[in-house]
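This report concerns only the one structure given below.
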Amino acid sequence: MLTVAPHLLRPWFTPERPGPLVYEHVTRTGHGTVWVDRWPDPRVVVAEVSGNLSVRGDPARVGPEALARFSGFVDAPPEWLPVLRASDPGVAAWDRVIAVLPDSAPTPPPHPGVRLLTPDDVPALASLSADSSWIAKTWGDVEGMLAAGVARGVVVDGRIAAIALPFYVGGTYEDIGVVTEPGHRRKGLSTACAGAVIADIRARGHVPTWCTSPDNLASRGVAAKLGFAHVRDDVLYALRTPIPKPG
């Protein structure tokens, strides 16, 4: 497959909708790649950032060998499942719940312990656990996340306790990701950090969204506290990748 300039493929991912905004994030942040089966006149388009993929087009136009380079969580119409399964017989469906913060939901007040994380916080994030490290993936790495100036967090005794950020940035929506380190859970830090990110997203004129799995009761609880409203159920396909267990 061939790489092309992301902005050339916008019609394939229009209209933008809440959920995994992989293409929009690649286009707007420069992190990630867009692939096509041929150029010009592509028949298949794959947007990818750090193991998160959105696939569009005609699955009959690409064989499983063309997908061998990819692994991760795939946003694709259901007709893509046979070719994904041909590429990885163990591909599994990961059910997702998509929610949007209504305009009527209040912006949470600032929390005194939450602040913008900066490149000076690299040492504090050196202790980030393996279970939480995914939070920086769509920004390249921890350094990229901090350089972007999008992460809000709580630092306790020089170590990161919780982080929230826009995991995907679109033109209308921004999807929030949040993690709290094991020793700091059940203290309201996820809610506080996500509340600060909601304020940032709204200040940019965008709409906050929230994606999680039906069995992730902690994540769903935070979303409910913040006022997110369910808009649809969806699915991602785990391609050569294990489905995470709820934290």
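Worth a mention:
- Dividing the Cα radius of gyration of region 147-239 by 2.2 N^0.38 Å, with N the residue count, gives 1.10.
- Cβ-Cβ distance of residue 229 and residue 206, R₀ of 22 Å, FRET efficiency by 1/(1 + (r/R0)^6): the value works out to about 0.85.
- Computing FRET efficiency as 1/(1 + (r/R0)^6) for residue 111 and residue 172, where r is the C-beta to C-beta distance and R0 is 22 Å, gives about 0.25.
- Cα→Cβ-extended label distance, 7 Å offset, between residue 120 and residue 143, nm: 2.0 nm
- Estimated vicinal HN-Hα couplings, Hz - region 74-91 in sequence order (Karplus 6.51, -1.76, 1.60; Gly, Pro = x): 10, 8, 7, x, x, 5, 7, 4, x, 6, 5, 5, 5, 6, 9, x, x, 4
- Value of relative contact order over region 7-70, rounded to a whole percent, pairs C-alpha under 8 Å and six or more apart: 26 percent
- Here, region 2-95 yields an orientationally averaged convex hull projection of 5.8 nm² when only Cα atoms define the hull.
- Cα centroids of region 129-150 and region 157-213: 12 Å apart.
- Our summary gives the chain a relative contact order of 25 percent, counting only alpha carbon pairs under 8 angstrom and 6 or more residues apart.
- Between residue 38 and residue 14, the C-beta separation translates, for a Förster distance of 30 Å, into a calculated FRET efficiency of about 0.90.
- In order through region 180-196: 3J(HN,Hα) via Karplus (6.51 cos²θ - 1.76 cosθ + 1.60), integer Hz, x for Gly, Pro: 10, 5, x, x, 10, 7, 6, 10, x, 6, 4, 5, 5, 5, 5, x, 5
- Antiparallel DSSP beta bridges within region 146-247, percent to nearest 5: 75 percent
- Three semi-axes of the equivalent ellipsoid, the chain, Cα gyration tensor, whole Å, largest first: 31, 18, 18
No value in this document is a laboratory result; all are computed from the given coordinates. Note that the coordinates shown come from a computational prediction; the quantities given were computed from them, not determined experimentally. Backbone-built Cβ (ideal geometry, glycine too); neighbour counts: all protein chains shown.
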